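Quick notes on the structure that follows.
The values are calculated or read from the model by the stated rules, or taken from the named source; none is laboratory data. Values in this document were obtained by computation on a predicted structure and should not be read as measured data. Cβ sites come from the backbone with ideal geometry, for glycine too, and all protein chains shown count toward neighbours. Heavy atoms of the whole protein, side chains included, go into the accessibility calculation; ligands, DNA and RNA do not. Shrake-Rupley method; radii C 1.70, N 1.55, O 1.52, S 1.80 Å.
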Amino acid sequence: MTDRYAVIGNPVEHSLSPLIHAEFARATGQDIAYGRMLATLDGFRAAALGFRDAGGRGLNVTLPFKHEAWRLADTHAGHAQAAGAVNTLRFDGGRIAGHNTDGVGLVRDLVDNLGCPVRSRRVLLAGAGGASYGVMEPLLRELPQTLVIANRTPEKAVALAGHFEKVAKFAAHGVAAKSYDALDDARFDIVINATSAGLADAMPPLPRGIFAPGALAYDMVYGRRTPFMRFATDEGARAADGLGMLVEQAAESFFIWRGVRPETKPVIEMLRKRDS
Ligand code: NAP
């Protein structure tokens, strides 16, 4: 029997997840159907439980429901516990397991696809929203030299750093929260834009001269060349978008649901060709 999965969000029409999971299923011979579910802003819980009760096996969760998904889950696996946000739900009978695969997806894209190890690097994370919560612990477990968080609303950067105080020790020089203004003299080897600014053709107010020689600028936004990516290229850095992260986090969800790890590179290439 075909097992049913879906991505739930608001909005959700733009999601590439159905295409990605259809490719994974075809390549691995898994019998699944994967759709899109638009939930009203106050309707996430009812929609997710309705999907489960109708026999659905799992959901990917996107904006703005990742925190609500965390609260819906009976158990939190791996990084989801600390992240306080869940992007993957697995339904096993009546029990709901919550996972967060965003951080694993980001790290795999950085390290395996882009050849950019995090270990001993100076990392700047711009943004302190749900995506940043999801990637903090996996980034720290890669043992960076330092991890600095900057955010437009500085208190949220401070709160994010405080939330992960217990794992801050994985960065040799620890975790610090700063305002964009205070970054003037700092240099980073990896700058991750985890803000949604690129969606509005804007960028966080990063100062010039922030990229160390050979730095990577990574925008989690995908499918467009963002102002942040243009800025980084002008500053001499290598720029990448978040398409690889999207596919890698999807592959981890697929593995959680099906116990099979799909190949990601052909799917990333297929999506890039589609965009060009
Ligand atoms: P979110 O919870 O809404 O947080 C948005 C963040 O962006 C906040 O830190 C916000 O700052 C900041 N921001 C928004 N506009 C800004 C601007 N003009 N200048 C400076 N900062 C700005 O969103 P999220 O869930 O963290 O997602 C962030 C982005 O990552 C989204 O675009 C999402 O699509 C993308 N994402 C991609 C993947 C992937 O697989 N590639 C996975 C997850 C998320 P304030 O706190 O000051 O409001």
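Enter the accessible area per residue of the chain (Å², integer; probe 1.4 Å; all protein chains in place).
Numbers: 12210 Å² over 276 residues.
Spelled out: the 1.4 Å probe surface of the chain, per residue, equals 44 Å².
For the range 218-232 and the range 238-276, what is the centre-to-centre distance using only Cα atoms, to the nearest Å?
The two parts, judged by their Cα centres, are 18 Å apart.
Please report the carbon-and-sulfur percent of the accessible area for the range 100-199; probe 1.4 Å, protein heavy atoms only, DNA, RNA and ligands left out.
The value for the range 100-199 is 48 percent carbon and sulfur by accessible area.
Starting from 0.36 nm per residue, how many nanometres of slack lie between Glu263 and Thr153 once their C-alpha separation is accounted for?
On the way: separation 110, 0.36 × 110 = 39.60 nm, distance 3.85 nm.
Extending this stretch completely gives an extra 35.8 nm.
Can you tell me how the range 191-263 classifies by the Cα gyration tensor, rounded, prolate or oblate, using a/c under 1.5 as the rounded cut?
prolate
With a cut-off of 15 Å, note down the residues of the range 201-242 whose backbone N falls inside the zone around a label point 7 Å from the Cα of Asp181 toward its beta carbon.
Those under the cut-off are 205-207.
What lysines sit close enough to Lys66 to cross-link, taking a C-alpha to C-alpha distance under 23 Å and skipping anything fewer than 8 places away on the same chain?
Lys66 reaches Lys156, Lys166.
Which residue fluctuates most in the GNM of the chain (Cα springs below 10 Å): His76, His14, His67?
Of His76, His14, His67, the Gaussian network model singles out His14 as fluctuating most.
Using the basic label-point model (7 angstrom from Cα toward the beta carbon), what is the Leu114 to Gln81 distance in nanometres?
Using points 7 Å along Cα→Cβ, the separation is 2.9 nm.
When Lys and Arg each count +1 and Asp and Glu each count -1, what net charge do the other residues less than 15 Å away from Arg208, Cβ to Cβ, add up to?
Here the count lands on -3.
Give me the percent relative contact order of the range 80-147, please, defined on Cα pairs under 8 angstrom at least 6 residues apart. Write out the running numbers ahead of the final one.
Details: 86 pairs, mean separation 24.1, N = 68.
Over the range 80-147, the number comes to 35 percent.
Net charge near Glu142, counting Lys/Arg +1 and Asp/Glu -1 over other residues with Cβ under 15 Å of its Cβ?
0
Nearest 5 is fine: what % of DSSP beta bridges in the chain come out antiparallel, could you say?
20 percent
Quick check on the range 131-276: what are the equivalent-ellipsoid semi-axes from the Cα gyration tensor, as sqrt(5λ), descending, whole Å?
Over the Cα atoms of the range 131-276, the semi-axes work out to 26, 21, 14 Å.
If you build the convex hull over the alpha carbons only and average its shadow over all orientations, what do you get for the chain? Give it in nm² to one decimal.
Directional mean of the projected Cα hull area for the chain stands at 13.8 nm².
Counting only protein heavy atoms and using a 1.4 Å probe, what share of the accessible area of the range 1-68 belongs to carbon plus sulfur, as a whole percent?
55 percent
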